[in-house]
């Protein structure tokens, strides 16, 4: 009899833990920063701020520590840049190549006209004629 009630209690404890884990509130980085800055301003006590926001003081202090450590790292220059100059240049050249490709395809589509209205042989002739005109203009 005792074993059965112990097993059901363990099962119930697991269920409660699962429910708490799934219903745990998550805070966005903006909310965390807002709360930490409100605490740093000192207009109200940390305990009053935490009661008002519905968070524990230990959670507030861990956010505050993370916030201040991130500021120290940023000011000391320890953070690596997300995009280096060669990466930016490479991305810009790739974007330019893609824009040229889109422009060429758009020109081809405009020259060919709507599908079905022009027979394929005539569309091909129009395309090559337009290409020759564009080569002469350049």
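As a calculated quantity, the FRET efficiency between residue 20 and residue 61 at R0 = 22 Å, using C-beta atoms, amounts to about 0.50. What FRET efficiency would be calculated for the residue pair residue 9, residue 68, taking the C-beta separation as r and a Förster radius of 35 Å, to the nearest 0.05? E(calc), rounded to 0.05, equals 0.20.
No value in this document is a laboratory result; all are computed from the given coordinates. As the structure is a prediction and not an experimental result, all values here were calculated from the model. A quick note on method: Cβ atoms are made from the backbone with ideal geometry, for glycine too, and the neighbour counts reach across all protein chains shown.
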